[in-house]
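Structure first, commentary second.
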Number of protein chains: 2
Amino acid sequence: MAKEVKLLKTWSSPFGLRVVWALKLKDVEYDSIDEDLSNKSPLLLQSNPVHKKVPVLLHNGKSISESMVILEYVDETWKQKYPLLPEDPYERARARFWAKFGDDKGLSSIWNVFIKQGKEQEEAIGEASENMKFLEEELKGKKFFGGEKIGLLDLALGWLANLVPVLEEIIGVKIIDKQKFPLLSAWMQEFAEAPIIKETWPPHDKLLTKFRAMREPYLAAAQPK
Amino acid sequence: MAKEVKLLKTWSSPFGLRVVWALKLKDVEYDSIDEDLSNKSPLLLQSNPVHKKVPVLLHNGKSISESMVILEYVDETWKQKYPLLPEDPYERARARFWAKFGDDKGLSSIWNVFIKQGKEQEEAIGEASENMKFLEEELKGKKFFGGEKIGLLDLALGWLANLVPVLEEIIGVKIIDKQKFPLLSAWMQEFAEAPIIKETWPPHDKLLTKFRAMREPYLAAAQPK
């Protein structure tokens, strides 16, 4: 029988993975549907007519889009099992603030390191480091961003642990250095090795191939004409 | 005696107004501190070292930034009086989704109509209209986005009611037309006339002067050289 929860995602999207992790932590059974973004399914187009993007969560026929909105929905719908956000309003605000910071600033600054070269890349590394310093600071005295356990902010920043090592390997530049960011580096390892995260991690080789291909157009555009 | 809640804002920021409205709806007493963004106060720089932006809410010495994060904090901290978000997780997700849509897509598309001219402006009008159609649809069968009462999404979209008429007057172009967007137009009026909103509305003439000045550099850049 079809399950009442369906998740539209892609195999590699870190935004889709956020939701996968949340559902697994909550022990929610769901059907996973991998989309091909070059040929989007009618179900995706109909469920997210605004952005036409994954992830989309379908629950009892209702659709929810935007990964952070979905995480809050999952946390509020399956309340008892494994709360993703803490109880305290200030701690909740902190988690939301840093999740937004990760999406608005962190991700783009690291992406710039990946697609730029030479002096522009050096500048991008400077900016990414400034952003990572804030996250390093936020980890002080904690194992996970959520404290002793993986919480909403850990899931939101999962792309750091998931993607950064892949990007670093491709460009041969260390973005998150152990000496400079000891807490963040330890967190990346700890998070990646948590059983529920590890079992859903996309294959490293496949990610390498995908992101190498994604970098090609930027390299080509940077060639002297 | 100083109040335990302080709000750092500017006189005209629609993001600061969101918080003003939330605190007023909740009957929370607070001290309002207007910042001069060309000469930011040490308190602002210290309270929001990441973005150095308003609004910042200070509550019992703790600081919270990002207007939508603040709104959720206010709703969770002063729970009983005037809930801003509905109870139902799906309805909460909807409000959050459209608030994000307003910030990510709505605001920038309307801003483009304001700063562009000629063919580029026509294209921007097309895009803004596409976005407004979604919001028009979301208002079907409702007086406010929150239903019978102003809710979180109304506050998040308050800039529509507050700013759009000012921008339209400056450029002499109707962006949100009554014929095309009857529900949205009615909402703009209804929202603007709600007592708690009306009494905090920045003076129309001052807004005209401010936004005329903000448009100058774009006009100058568009002059043939």
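Values in this text are rule-based calculations from the coordinates and carry no lab data. Computed from a predicted model, the values in this text were never measured in an experiment. Note that we place each Cβ from the backbone using ideal geometry, even for glycine, and neighbour counts take in every protein chain shown.
Name the long-range amide H neighbours of B:Val5: under 5 Å, sequence gap of 5 or more, or other chain; modelled H, no Pro or chain starts.
When sequence neighbours closer than 5 places are left aside, the close amide H contacts are B:Asp31.
Distances in nm, one decimal, shortest first, from A:Glu122 to the same residue in every other copy, taking the label point 7 angstrom along Cα→Cβ.
Counterpart label points of A:Glu122 in the remaining copies fall at 4.7 nm.
Quick check: Cα centre of segment A:63-119 to Cα centre of segment A:154-225, how many Å?
So the two Cα centres are separated by 17 Å.
From the label point of A:Lys24, set 7 Å along Cα to the beta carbon, how far off in nm is each other copy's matching point, shortest first?
Label point to label point, same position, other copies: 4.8 nm.
Cross-link list B:Lys81/B:Lys180; B:Lys178/B:Lys198; A:Lys116/A:Lys178: which exceed 29 angstrom alpha carbon to alpha carbon?
B:Lys81/B:Lys180
How do B:Leu45, A:Leu23 rank when sorted from fewest to most other Cβ atoms within 10 Å of their own Cβ?
Ordered from fewest to most neighbouring Cβ atoms within 10 Å, B:Leu45, A:Leu23 come out as B:Leu45, A:Leu23.
Quick check for you: which residues of segment B:111-138 have the amide N under 19 Å from the point 7 Å beyond the Cα of B:Gln223 toward its beta carbon?
Within reach of a label on B:Gln223: B:115-118.
Can you give the average number of partner chain beta-carbon atoms within 10 Å of each beta-carbon in peptide A:90-100, as a whole number?
Per-residue shielding by partner chains comes out at 5.
What are the label-to-label distances in nm, one decimal and shortest first, from B:Asp36 to the same spot in the other copies, with labels 7 Å along Cα to Cβ?
Label-point distances to the other copies, shortest first: 6.2 nm.
Where both partners of a DSSP beta bridge lie in segment B:1-137, what percent of those bridges are antiparallel, to the nearest 5?
Close to 65 percent.
Kindly identify segment A:1-82 as rounded, prolate or oblate by the Cα gyration tensor criterion: order the square roots of the eigenvalues as a ≥ b ≥ c, call it rounded if a/c is under 1.5, otherwise compare a/b with b/c, prolate if a/b is larger, else oblate.
Prolate is the answer for segment A:1-82, as a/c is 1.5 or above and a/b outweighs b/c.
How big is the equivalent ellipsoid of segment B:77-174 along its three axes, where each semi-axis is √(5λ) from the Cα gyration tensor, reported in whole Å from largest to smallest?
For segment B:77-174, the ellipsoid semi-axes come out as 29, 13, 11 Å.
Given the protein assembly as shown, what percent of its DSSP beta bridges are antiparallel, to the nearest 5?
Given both bridge residues lie in the protein assembly as shown, the antiparallel proportion sits at roughly 70 percent.
Once the Cβ-Cβ distance between B:Glu120 and A:Ile196 is put in as r, and R0 is 41 Å, what FRET efficiency do you end up with, to the nearest 0.05?
Result of the calculation: an efficiency of 0.25.
Give me B:Val113, B:Val74 ranked fewest to most by other Cβ atoms within 10 Å of their Cβ, as a rough exposure proxy.
Neighbour counts put them in this order, fewest first: B:Val113, B:Val74.
Taking the beta-carbon count within 10 Å as an exposure proxy, list A:Lys198, A:Lys6 from fewest neighbours to most.
Lowest to highest Cβ neighbour count: A:Lys198, A:Lys6.
Does chain B come out rounded, prolate or oblate by the C-alpha gyration tensor, with a ≥ b ≥ c the root eigenvalues, rounded set by a/c under 1.5 and, if not, prolate when a/b is larger than b/c and oblate if not?
Oblate.
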